[in-house]
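Enquirer: I have a structure here, written as structure tokens, and I will follow up with some questions on it.
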Amino acid sequence: MTPQEERNSKLAERMMKNLKRRNMEAFYCPTGEEAVKKVSELIADGSSVTWGGTATVRDLGIPAALKSRGTLNVLDRDMVETPEEKEQMYLRAFTADVYLTSANAISEDGVIVNIDGNGNRVAAITWGPKKVIFVVGLNKVAQTVEAALARARSTASPINAQRFDINTPCRVDGVCHNCNSPESICSYVHFLRNSRNKGRHVVVLVGEDLGY
């Protein structure tokens, strides 16, 4: 085991304890490949499943892996084209058995921070789907909640503004301006401190740099 791998294992062990203390299930996968297998194991045959605007889930190939099972009702939001179809898919997510997402940041003591422009993702995390599975690379771990929020605002949001090609000041220069832009990607700030229903929120920590 390399020093990096050893550190990741120890950090993940500590974080899993903190997440479980917050009524969440937690797992650690050293590699992305193992994470794909774990996510699939967590989803029962016959389940309906969809995901938010997460680069991590897509980059790991999780949607394709779930489709290949042939036993799931996959609500593929990436296949819709019109704004009307997209809105309907957002609404259908609230009735899904499983919702997949990542996090913009997570503190060492287990508080998950996400920021949204439209709010559909943080809304589904809060209420609706029977189970929410987070897939989070350890690159998104911050020491404190304040540091996690800073990472979400100053690192994740400017990159996602580029990814979604929206008209915000951070897209121009890569720096958070605490803006009130009409297209602000930071309209909704969400902190998940505790899971009200035990086990509804599941966190799969991954010992790789994933997403933004």
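Enquirer: Select from segment 90-118 the residues that are within 23 Å of Met79 (Cβ to Cβ) and among the aliphatic types (A, V, I, L, M) and write down the one among them that is surrounded by the fewest Cβ atoms within 10 Å (Cβ to Cβ).
Expert: Only one residue tops the list, namely Leu91.
Enquirer: Among the residues of segment 195-210, which ones are assigned to a loop (DSSP other than H, G, I, E, B) and over 24 Å from Thr2 (Cα atoms)?
Expert: Ser195, Arg196, Asn197, Lys198, Gly199, Arg200
Enquirer: Right, next: Out of the residues in segment 55-86 meeting the condition of being over 17 Å from Lys37 (Cα atoms) and among the basic types (Lys, Arg), tell me which one is least open to solvent (accessible area, probe 1.4 Å).
Expert: Across segment 55-86, the extreme among qualifying residues is Arg77.
Enquirer: Restricting to segment 23-54, count the residues that are part of a loop (DSSP other than H, G, I, E, B), over 22 Å from Asp78 (Cα atoms) and open to solvent by less than 20 Å² (accessible area, probe 1.4 Å).
Expert: Matching residues across segment 23-54 total 1.
Yes/no per residue for (1) under 30 Å from Pro3 (Cα atoms); (2) of a type outside the set (Gly, Ala, Ser); (3) open to solvent by less than 20 Å² (accessible area, probe 1.4 Å); (4) touching a strand residue (DSSP E or B) at 6+ places or on another chain (Cβ under 7 Å):
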{"site": "Asn120", "(1), (2), (3), (4)": "no, yes, no, no"}
{"site": "Ala123", "(1), (2), (3), (4)": "no, no, no, no"}
{"site": "Val136", "(1), (2), (3), (4)": "yes, yes, yes, yes"}
{"site": "Ser154", "(1), (2), (3), (4)": "yes, no, no, no"}
{"site": "Arg193", "(1), (2), (3), (4)": "no, yes, no, no"}
{"site": "Tyr212", "(1), (2), (3), (4)": "yes, yes, no, no"}
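Enquirer: List, please: which pairs have Cβ atoms under 6 Å, are six or more places apart or on different chains, and start with a residue in segment 17-32 that is acidic (Asp, Glu) and end with one that is modelled with pLDDT of 95 or more?
Expert: Every condition considered, the pairs that remain are Glu25/Val202.
Enquirer: Take the residues of segment 148-189 that are within 18 Å of Thr54 (Cα to Cα) and among the hydroxyl-bearing types (Ser, Thr, Tyr): which is farthest from the chain's Cα centre (by Cα)?
Expert: The extreme case among them is Ser184.
The values are calculated or read from the model by the stated rules, or taken from the named source; none is laboratory data. No experiment lies behind these values; they were computed from the predicted model shown. So basically every Cβ, Gly included, is an ideal-geometry build from the backbone, and we count neighbours across all protein chains shown. Protein only, heavy atoms only, side chains kept; ligands, DNA and RNA dropped before computing areas. Shrake-Rupley method; radii C 1.70, N 1.55, O 1.52, S 1.80 Å.
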